[in-house]
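J.: Please find one structure pasted underneath; my questions will follow.
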Protein chains: 2
Amino acid sequence: MAIPSPALLDRFAAIVGAAHVLREAADIAPRLVENRGLYHGASSLVLKPGSVEEVSAILKLASETATAIVPQTGNTGLVGGQTPRDNGADVIVSLERMNRIREVDPVAGIMVVDGGCILADVQKVAEEHGRLFPLSLGSEGSCRIGGNLATNAGGTAVLAYGNMRQLCLGLEVVLPTGEIWNGLRRLKKDNTGYDLRDLFIGAEGTLGIITGAVLKLFPQPLGHQVAFAGIRSVEDALSLFRNASGLCGPALTGFELMPRIGVEFTTRHIDGVRDPLETVHPWYVLIDISTSDSAETAERMMSALLEQGFEAGLVQDATIASSQAQQKALWHMRESMSGAQKPEGGSIKHDVSVPVSQIPAFMHEAEQAVMAAMPGARICAFGHMGDGNIHYNISQPVGADKAEFIGRWREMNQIVHGLVMKHEGSISAEHGIGQLKRDELASIRPEIEMELMRRIKKSFDPAGIMNPGKVVVV
Amino acid sequence: MAIPSPALLDRFAAIVGAAHVLREAADIAPRLVENRGLYHGASSLVLKPGSVEEVSAILKLASETATAIVPQTGNTGLVGGQTPRDNGADVIVSLERMNRIREVDPVAGIMVVDGGCILADVQKVAEEHGRLFPLSLGSEGSCRIGGNLATNAGGTAVLAYGNMRQLCLGLEVVLPTGEIWNGLRRLKKDNTGYDLRDLFIGAEGTLGIITGAVLKLFPQPLGHQVAFAGIRSVEDALSLFRNASGLCGPALTGFELMPRIGVEFTTRHIDGVRDPLETVHPWYVLIDISTSDSAETAERMMSALLEQGFEAGLVQDATIASSQAQQKALWHMRESMSGAQKPEGGSIKHDVSVPVSQIPAFMHEAEQAVMAAMPGARICAFGHMGDGNIHYNISQPVGADKAEFIGRWREMNQIVHGLVMKHEGSISAEHGIGQLKRDELASIRPEIEMELMRRIKKSFDPAGIMNPGKVVVV
């Protein structure tokens, strides 16, 4: 794919108007890097369309001129899916101006939004209408719905409400040819042909650009309880999760596992975070319960769960948040755990899942293997235990050289992902494939699966213009 | 596609062995018709493979010889998806011998089954392991998991547990080429590439044959309450549903709407069904509540809901089942409602959904239009109100000629589906497209959507052998 000529860039710019175009290197620069600093791309044009028709015109021109397009929303992705390639051929299409809440129907439990709406804004509007939009993740202040859909975002509420795929009823997508698919349905049941919606969700912008979505809203729970408990081992955490799951059923809205070192990192580096317990424990869990019928049900469930836990010796110490502020503080600690690793030097990260019952075995084996390969490594593995999803992060040994440490990213990946595969897990539980895991995916998946993905890609994007080089190479 | 020669039929038969082949017209006959009597196909061969390898060998030979294959499981489909075409070219592949429960892990909440397992057997095995497999529908004693997946089956528990798509973690599929895709994953979170699983689910056997699946199991609820209430109007039923949904949240496991005529049909024709109330009402709802923490929570929720309902004038009369037998009896009435129409003569059926809030308007408009077109028609519209899914069935006027009545199927479809489209609903909420709604789907959907479906079909099944003529015409 060739680098677009200045004349061609002008034609693209004319679609959205000069005021909505970035062409200066300094303006474009922030769009070329991602948070982890793993990828640095090149591009000479950022387009900010203001309507689905403009997105359509851009993709039509791109298809006709074989110009590569990289869709970008909040630029918070963690696998380089939103970063242009470094050959300078890619034009970036940012949805940031398409941030309109098109409709809210709290009674029907539905919200129709532009792909460029910021997640936190969507949450807020839902709340103003007395409803809950449950998707919640660390970057919610800047990530945008189109990207959340493109990556099938997960986060902290998946246990009860599911991933983005489960939170979306319908989509509006601009196809690589510029054609607009209006799939903005709002039905709970609709068995009419192939599931195009779920194909676009999670395709990381390689099959089209998601410009609009029908989202599901939920009742705001009447009861909400958050507790933080000190635990002896991952095995005990699993037992406690099973008790919680049995007792609370769908009222169990969060069950997060954290190691001692993660608590230390957050209390050390994150403003306002303090250790919620006076005693020290190797592991911690954050338990979140939400009930619809009454506040008392949540209180009763949490008390019963912790009481059982103490009696069975699973819980060593625990505190229940006594105010909304305390609840937020406990969640803030958990959500800061990734960021809190930064001041400690380099961090090699993994976003893996295994069957929930395999978590203890996986954690022990991974610890042994990582520590054998890199004595002094500081493993900060935390995550959504109830989903089997662990962010298996490794901070550099104290005093180690950061660049040298980061240079061992692939080696550590191989160790951790090898054990993930042994336990029939996933090398990307919620972040996606992007550039980071593209070749690894092709190496671990059966050839027929990659072949089916290539066939879909080719048939949706015959000109090969949509986010090329991401997810699957055609 | 040509009619296969006797020599070719021999080659197919050799794959599974003579003992597992039907070639006599009398033996094949039951496989050529479906329950509604709308379709009658032709075929000279039924193959009953005993393993995924045999299915693979069959499809490989079919691809090489351009032989059309129709997959069949329980033959309970309602849209002709499992019925061969009438040109005699199709070979039927029945999964009935592949009915092995491969694994049950109640702790992990997982069950791995063959595509030919009967739904009721799967439910039973789950129960024996102290778990719940929630999919439940009228034909559960004979329908099979492969067909449930191929049609993304719904049923009575969708409100709380979702369709088949939500109840399945992974699939094993034999592709039209004979290649086997092992996608038997058991992960709650896995964002690694395009969502092939959800593409095969609901594709009605046009993209491959589902030979195995990983199913989700759930805790058996501790509390279970079923009530039957007499209601004045569909509007009141909707208000009551909203109250129930708000009060019970995910504990509301069923909310079914039924008309007086449906109660009359079932009490008249179905053994053991009697009217649960002494008073007569134009509408009824069946309310099902399941709770995980205790039996008392379910009792408390049901009492509170009915009490509020009486006070607000929404509930005119109600009974709460006082035993499991009574609970079953109430559900039995609901599940017999379609079958109970048969002794009343012809029935023109619809399986539609509209946004839940549109149900009252849709029901009024449909009644007006149907009665205007066919005075004396007896509308027996019932269904899963909480999912917006109404089985809008019309029984023939008393004394009308059955054949003449059934001859007006398309005309009545147009009336009902026209109103469904007006309310942005679906012409197939849970039964699928098959042959029955294939051309209608193409006429109501945007051309780009049909084009994307055709592209997927062509790229997965280049020889065009998989269940041709169903869902989408290539």
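J.: Checking the structure you have, find out if any residue of region A:112-122 is within 14 Å of chain B (Cβ to nearest Cβ), of a type in the set (Val, Ile, Thr) and without any contact (Cβ under 8 Å) to a residue 24 or more places away in the chain. Steps first, answer last, please.
T.: If we filter region A:112-122 for residues that are within 14 Å of chain B (Cβ to nearest Cβ), which is where we start, we get A:112.
Filter again for of a type in the set (Val, Ile, Thr), leaving A:112.
Now drop any that are not without any contact (Cβ under 8 Å) to a residue 24 or more places away in the chain, which leaves none.
Checked region A:112-122: no residue is within 14 Å of chain B (Cβ to nearest Cβ), of a type in the set (Val, Ile, Thr) and without any contact (Cβ under 8 Å) to a residue 24 or more places away in the chain.
J.: Within region A:382-392, can one find any residue that is at pLDDT 95 or above and charged (D, E, K, R)?
T.: So far as region A:382-392 goes, no, none of its residues is at pLDDT 95 or above and charged (D, E, K, R).
J.: Whether any residue in region B:100-109 is under 19 Å from A:Lys189 (Cβ atoms) and touching a residue at least 24 places away in the same chain (Cβ under 8 Å) is what I want to check.
T.: No, region B:100-109 contains no residue that is under 19 Å from A:Lys189 (Cβ atoms) and touching a residue at least 24 places away in the same chain (Cβ under 8 Å).
J.: Only one residue in B:Arg131, B:Arg144 is within 12 Å of chain A (Cβ to nearest Cβ) and either over 24 Å from B:Ala203 (Cα atoms) or of a type outside the set (Gly, Ala, Ser) (or both), so which one is that?
T.: It is B:Arg131.
J.: Being on the phi < 0 side of the Ramachandran plot, free of Cβ contacts under 8 Å to residues at least 24 places away in the same chain and among the small types (Gly, Ala, Ser): is that true of B:Gly162 here?
T.: no
J.: Sticking with this one: Under the condition of being more than 20 Å from B:Leu32 (Cβ to Cβ) and more than 12 Å from chain A (Cβ to nearest Cβ), which residue from region B:449-472 is nearest to the chain's Cα centre (by Cα)?
T.: B:Gly464
J.: A:Met385: within 14 Å of chain B (Cβ to nearest Cβ) and under 17 Å from A:Pro282 (Cα atoms), yes or no?
T.: yes
J.: Shifting gears a bit: Sort out which residues of region B:279-295 are more than 25 Å from B:Ile379 (Cβ to Cβ) and either among the hydrophobic types (A, V, I, L, M, F, W, C) or more than 10 Å from chain A (Cβ to nearest Cβ) (or both), and write them in order of number. Lay out the reasoning, then the answer.
T.: Here is the first cut: in region B:279-295, the ones more than 25 Å from B:Ile379 (Cβ to Cβ) are B:289-295.
Residues satisfying the conditions are B:Ile289, B:Ala295.
J.: Something else now. Of the residues B:Gly183, B:Gly193, B:Gly205, which single one is within 10 Å of chain A (Cβ to nearest Cβ) and surrounded by 24 or more Cβ atoms within 10 Å (Cβ to Cβ)?
T.: Every option except B:Gly193 fails the conditions.
J.: While we're on this one: When residues of region A:79-118 are filtered for being within 19 Å of the chain's Cα centre (by Cα), buried (at least 23 other Cβ atoms within 10 Å of the Cβ), over 21 Å from A:Gly183 (Cβ atoms) and of a type outside the set (Ser, Thr, Tyr), how many remain?
T.: Count: 4.
J.: Just to be sure I understand, how many residues within region A:273-306 are part of a strand (DSSP E or B), hydrophobic (A, V, I, L, M, F, W, C) and within 30 Å of B:Pro250 (Cα to Cα)? Walk me through how you get there before you give the answer.
T.: Looking only at region A:273-306, we keep the residues that are part of a strand (DSSP E or B), and these are A:283-291.
Next, from what is left, pick out any that are hydrophobic (A, V, I, L, M, F, W, C): A:283, A:285-287, A:289.
So of that shortlist, the ones also within 30 Å of B:Pro250 (Cα to Cα) come out as A:285-287, A:289.
Residues flagged as part of a strand (DSSP E or B), hydrophobic (A, V, I, L, M, F, W, C) and within 30 Å of B:Pro250 (Cα to Cα) within region A:273-306 amount to 4.
J.: Looking only at region A:26-48, decide whether some residue is of a type in the set (Lys, Arg), closer than 19 Å to A:Gln82 by Cβ, in contact with a helix residue (DSSP H, G or I) (Cβ under 9 Å, 6 or more places away or on another chain) and assigned to a loop (DSSP other than H, G, I, E, B).
T.: yes
J.: Kindly evaluate A:Val416 against the criterion of being in contact with a helix residue (DSSP H, G or I) (Cβ under 6 Å, 6 or more places away or on another chain) and either of a type in the set (A, V, I, L, M, F, W, C) or without any contact (Cβ under 8 Å) to a residue 24 or more places away in the chain (or both).
T.: Considered against the rule, which asks whether it is in contact with a helix residue (DSSP H, G or I) (Cβ under 6 Å, 6 or more places away or on another chain) and either of a type in the set (A, V, I, L, M, F, W, C) or without any contact (Cβ under 8 Å) to a residue 24 or more places away in the chain (or both), A:Val416 comes out as yes.
J.: Output the residues belonging to region B:229-244 that are in a helix (DSSP H, G or I), surrounded by 21 or more Cβ atoms within 10 Å (Cβ to Cβ) and out of contact with any helix residue (DSSP H, G or I) (no Cβ under 7 Å at 6 or more places or on another chain).
T.: B:Asp236
J.: For region A:188-200, does any single residue satisfy the condition of being touching a Ser or Thr at 6+ places or on another chain (Cβ under 9 Å) and hydrophobic (A, V, I, L, M, F, W, C)?
T.: no
J.: For B:Ala373, which of the numbered conditions (1) within 13 Å of another protein chain (Cβ to nearest Cβ); (2) surrounded by fewer than 19 Cβ atoms within 10 Å (Cβ to Cβ); (3) small (Gly, Ala, Ser) fails to hold?
T.: Answer for B:Ala373: the failing condition is (1).
J.: What residue, among those in region A:433-448 that are at the interface with chain B (Cβ under 9 Å from one of its Cβ atoms) and touching a residue at least 60 places away in the same chain (Cβ under 8 Å), is surrounded by the fewest Cβ atoms within 10 Å (Cβ to Cβ)?
T.: A:Lys437
J.: Quick one: in region A:249-272, of everything that is modelled with pLDDT under 95 and assigned to a loop (DSSP other than H, G, I, E, B), which residue is surrounded by the most Cβ atoms within 10 Å (Cβ to Cβ)?
T.: Out of the qualifying residues, it is A:Gly272.
J.: Residues being more than 18 Å from B:Phe241 (Cβ to Cβ) and not in a loop (DSSP other than H, G, I, E, B): count how many of those fall in region B:319-363.
T.: Number satisfying all stated conditions: 19.
J.: Looking at region A:212-228, which of its residues are more than 9 Å from chain B (Cβ to nearest Cβ), in contact with a Leu (Cβ under 7 Å, 6 or more places away or on another chain) and outside any loop (DSSP other than H, G, I, E, B)?
T.: Within region A:212-228, A:Gly212, A:Ala213, A:Val214, A:Leu215, A:Lys216, A:Val226, A:Ala227, A:Phe228 meet the criteria.
J.: B:Gly249 fails exactly one of the following numbered conditions: (1) within 10 Å of chain A (Cβ to nearest Cβ); (2) farther than 19 Å from A:Leu247 by Cα. What is the number of that condition?
T.: That leaves (2) as the condition not met.
The values are calculated or read from the model by the stated rules, or taken from the named source; none is laboratory data. Computed from a predicted model, the values in this text were never measured in an experiment. In this analysis, Cβ positions are derived from the backbone assuming ideal geometry, glycine residues included, and neighbour counts consider all displayed protein chains.
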